[in-house]
Each structure stands twice: as C-alpha cells, then as structure tokens.
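The structure appears below as structure tokens.
The values are calculated or read from the model by the stated rules, or taken from the named source; none is laboratory data. Keep in mind that what you see is a predicted model, and the values were worked out from it rather than measured. Counting neighbours? That spans all protein chains shown, and the Cβs are built from the backbone with ideal geometry, glycine included. Remember, those area values only see protein heavy atoms, side chains included, never the ligands or the DNA or RNA. Shrake-Rupley method; radii C 1.70, N 1.55, O 1.52, S 1.80 Å.
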Amino acid sequence: MAVGDLITRPGQVQYGDLLLGPGTPYRWRGITGWEDLPALDSGTVPRSNAHGAFPGALLAQARTIGLDGLIIRAPRASVGAVVGALNAGTVPVEDEQPFVAWLDDRGPLLAYARATRRAIPATLGYRLGTITGAALEFVATDPRRYKLAERTVATTLPMSEPGLDWKAPDAQQQFPTEQAAGRASSIGSFWAMSGLTLGNSAGALTAAITANAAGIAWTIGPGSFRGWPVDPGQTATFLADAAPPGCNLLFHWLDDTGAYVGGTNGTRYRVTGTAPAGTAQVRPVMQWATVPNPATVAIGPTRLMVPGLSGESLAWPLSFGTPGSTGALTAANIGDAATHPLIEFRGPVVRPSLANIATGDVLEYDLALAAGDLLTVDTAAGTVTLNGTASRIYTVTSRSVPEQTFTLPPGTTNLHFRAAPGSNDPSATATVRYRSAYW
C-alpha cells in the first residue's frame, strides 16, 4: 500500500494502516502540534561585554502530535472489535510509521512518527456503542512535514550533440508508386506532348508513336504540366531501367510559372543535370527522334532521383541532430523547509559526483560502478550503499560535504552530474528523489 492511500477527504488522518476521521468509527475534534512550529533548540549565547546575544543555530526538536476529543462509535455488539483495531494500530513499534493528515485545501501532508500515548476511557460508553474523551499522541523525530508525491529528476553525463550534418542527403525517388512502375492506372500523370498516343496493354502504360520528334513528359500530378520542385544548383537524375527502343531521356528546367528555362539531354537509359539559375521545377521527358519499329512501346519503370543541394545552403527547419546532455538537473522544493534528497548513481561510471551549482556543495565517491551497479546516497540517514547492501561510505572524496548537510532548500536548486575524466558512457545516470518539505 502506498503512503496515504486510504485518505480520501479533508478531516482524515492515517497512521500506518489505521484510518481515523470521517467515514470511520473514529472521529476526532482537534489535532495539536501539527500546524505548530516544533520546539527549537537555540545556539544563541549572551554577549559578554555588550547588550544582547550572539545569534546561534535554531534546530527543531521532535514534533509531538496529539489527536484530542477522540470519539469511537460502533454497534454495541462490535464496539470491542473497533477498540481492538484502534489498539492494534497504535502499539509501540521500533520503526516510525507514515502519519498523514489532511486538514484543508492544501491537501494531505506526511510525517513519520510512532504512537507514544493512547487513552481510551473505560466507561458506560462500551454498553452504548459510543466512547468519548479518548486521545492519541504521536512523536515524529523528523519534525518536518512532506508532500505525499515524491518528485524525481534525472540526467546523464555531459555529452555533446552531433550538430548540423553538412553532407547532402541521399537521393530520393520522387515518382509515386504507380507512376514509377509505368502502370496504365497512372496515365493522368503523364503528358503526351506530341506525335504519340498513350494507351493500356494488360495494365502497362504504352505509347503509340505516330510521328518523328514524339515525346512524353512525367508530371507531378494528374492533369498537370508541372514538374518536381528543385532549386538552382540542385542535381537530378532520371533513369529508365527498361527503356523502350529508340528513345532518349532529357530534362526540361522550368521556372516557378512553368516557363521553359533550359534543357539537359541524356541517353536512352539515363540523364543527369544540374538546375540552372532561375529554375524552380524539373520535368523528365522521353523522346523519339523517329518512329520506332514496332511503333507501340511499353514505357516501363522509371525513377527520378533528387538529392540535397549541391552547395552549402540549407533549408529550414534545420536538423541539429539528437540533443546532447549537459549533465544538469533542477530540483524544485515547493515547501518552506529544506529537504533531504535520495541520490542514485547508475553505472557504468567512474568517480560519480553531484554538485549544487549555487553553493558548491559536492557529493563525490571514488569508485567505479559497472553497468547495472547502483550507488544509493541517503542524505537523511547519511548512508552510502552499493546495490542495496554493501556500505561504500569510505569511498567519499576529500572535496565532499557530509551527506546529511546536502539538502535542497525551498525554491529551485540547480545540480550537475559529473565523473572522472574519460568516464562518459551515455547510459550512466544520476537520479534525485525528494519530497517538498514544510515546517
């Protein structure tokens, strides 16, 4: 069960698995010590030769929480079981249990406490099914209260990003599938320029040549005379893998209005050209100088390959590649008290460290973590463990601060993850887990 899972509304308190408040047999009239500032130990000392004192550190004592005016209601036949459940839920225990209270619109807050007092009057209320005047007391050795939701931020070691790729991209086929295959179903994407008639032979596109200088053009869409977009300086290649007899391939270079700018001649199977100045479109053409024999030919499969620009100009939006990592992370403590984070370093990494950029405080450990290893630093407990069992507190370096002094103050804390020179495996991570804290 997750911490605070039983609580559903204001007025409820959960200690361990015991729920008190509205919707339960246990109602309370007041809670003490929850909104109060805990008692403080002061390091202030009087001045020996002047009025006043030297201000010292203020350290909070344990928080004592009381539930007063507790009323227990149950049918007479089951009141004993209800009281027994309360007793079982508030027995002395070795370890502190989660104590969650939801008072108002701020939502529930969490502390860790132990039950230290239970008073249930033995009165006629047992016979009536209503016991009044009961009370409970709890002591939380950590006086801070925490948000239920644990926050997690993580980062990898600093890694540079690849940046712009200045190499022109590979050529890509521009023709749609039907047009590229020379199927009759794509007849609307061809222009019978002169001296021929387009037809269909068993699903294949054919051309019946009727005059010299006959020509057919590939167009960008049905009923269009336009070509494919290109920029001046861009190179294009037109290929006919099974070119019909007697043909010749060529390019028509057109401006953005479709007006003819220039042309490039090729061979029966191939033409390659570079777009001249003023070009906005390229239109592939297949031409016959004379009528072939036989006069009706299959056009066959073709390809129009257009790569990137041949020059250094780039088209927007630019791709800078996968973003790199800075090794930085930001933790936001939205409470009003400093909180202790739990820090996890995952290998492979050598000498992992985490630093507070604002204060310069560093946690650093001189050891090598293999892939799959997990080094856990509990700053509240002041422990450092490898894979959950073996202590590695002795690997701390001379520039580290004591673990229990490494806290996240209220507000935003900027941290960065670093390692020994040459340790830059992208799968190494640092994870910071914490809860916002309140007095």
May I ask you to list the residues in the stretch 245-299 that are surrounded by 14 or more Cβ atoms within 10 Å (Cβ to Cβ), hydroxyl-bearing (Ser, Thr, Tyr) and part of a loop (DSSP other than H, G, I, E, B)?
TYR269, THR279
State yes or no: is THR156 in contact with a strand residue (DSSP E or B) (Cβ under 8 Å, 6 or more places away or on another chain) and within 30 Å of GLY21 (Cα to Cα)?
no
Restricting attention to the stretch 394-408, the residues that are out of contact with any Ser or Thr (no Cβ under 7 Å at 6 or more places or on another chain) and either over 11 Å from ASP361 (Cβ atoms) or not in a loop (DSSP other than H, G, I, E, B) (or both) number exactly 6
The correct count of residues that are open to solvent by 50 Å² or more (accessible area, probe 1.4 Å) and not in a strand (DSSP E or B) in the stretch 58-79 is 4
Restricting the stretch 379-421 to residues that are open to solvent by 80 Å² or more (accessible area, probe 1.4 Å) and not polar (S, T, N, Q), which is farthest from the chain's Cα centre (by Cα)?
TYR394
Among the candidates ARG433, ARG346, which residue alone is assigned to a strand (DSSP E or B), among the basic types (Lys, Arg) and within 30 Å of ARG106 (Cβ to Cβ)?
ARG433
Please enumerate the residues belonging to the stretch 42-57 that are in a strand (DSSP E or B) and surrounded by fewer than 11 Cβ atoms within 10 Å (Cβ to Cβ).
VAL45, PRO46
Kindly indicate whether any position in the stretch 258-274 is among the polar types (S, T, N, Q) and within 24 Å of ARG183 (Cβ to Cβ).
no
Unique residue being within 33 Å of the chain's Cα centre (by Cα), on the phi < 0 side of the Ramachandran plot and open to solvent by less than 30 Å² (accessible area, probe 1.4 Å) when the list is LEU205, LEU110
LEU110
For the stretch 38-73, the count of residues that are within 26 Å of PRO98 (Cα to Cα) and more than 47 Å from the chain's Cα centre (by Cα) equals 4
Using the structure shown, decide if ASN424 is on the phi > 0 side of the Ramachandran plot, open to solvent by 50 Å² or more (accessible area, probe 1.4 Å) and under 28 Å from the mean Cα position of the chain (by Cα).
no
Filtering the stretch 208-244 down to residues that are part of a strand (DSSP E or B), of a type in the set (Val, Ile, Thr) and over 56 Å from the mean Cα position of the chain (by Cα) yields ILE209
State all residues of the stretch 363-376 that are open to solvent by 20 Å² or more (accessible area, probe 1.4 Å) and either closer than 16 Å to SER400 by Cα or aliphatic (A, V, I, L, M) (or both); if no residue qualifies, say none.
ASP366, LEU367, ALA368, ALA370, ALA371, LEU374, THR376
Only one residue in ALA381, ALA355 is among the small types (Gly, Ala, Ser) and assigned to a loop (DSSP other than H, G, I, E, B), so which one is that?
ALA381
Name the residue that is most open to solvent (accessible area, probe 1.4 Å), counting only residues in the stretch 1-41 that are small (Gly, Ala, Ser), in a loop (DSSP other than H, G, I, E, B) and in contact with a strand residue (DSSP E or B) (Cβ under 8 Å, 6 or more places away or on another chain).
ALA39
Scan the stretch 30-37 and give yes if some residue there is under 25 Å from GLY129 (Cα atoms) and touching a residue at least 24 places away in the same chain (Cβ under 8 Å), otherwise no.
yes
Within the stretch 90-97, does at least one residue satisfy the condition of being open to solvent by less than 50 Å² (accessible area, probe 1.4 Å) and under 28 Å from GLY335 (Cα atoms)?
no
If we ask which residues in the stretch 118-138 are assigned to a strand (DSSP E or B), surrounded by fewer than 20 Cβ atoms within 10 Å (Cβ to Cβ) and of a type outside the set (S, T, N, Q), their number turns out to be 5
Would you pick out the residues in the stretch 323-362 that are over 21 Å from the mean Cα position of the chain (by Cα), more than 20 Å from PRO410 (Cα to Cα) and either open to solvent by 40 Å² or more (accessible area, probe 1.4 Å) or not β-branched (Val, Ile, Thr) (or both)?
PRO348, VAL350, ARG351, PRO352, SER353
Would the stretch 43-60 turn up any residue that is touching a Lys or Arg at 6+ places or on another chain (Cβ under 6 Å), small (Gly, Ala, Ser) and on the phi > 0 side of the Ramachandran plot?
no
Any chance LEU148 is touching a Leu at 6+ places or on another chain (Cβ under 6 Å), open to solvent by less than 60 Å² (accessible area, probe 1.4 Å) and modelled with pLDDT under 95
yes
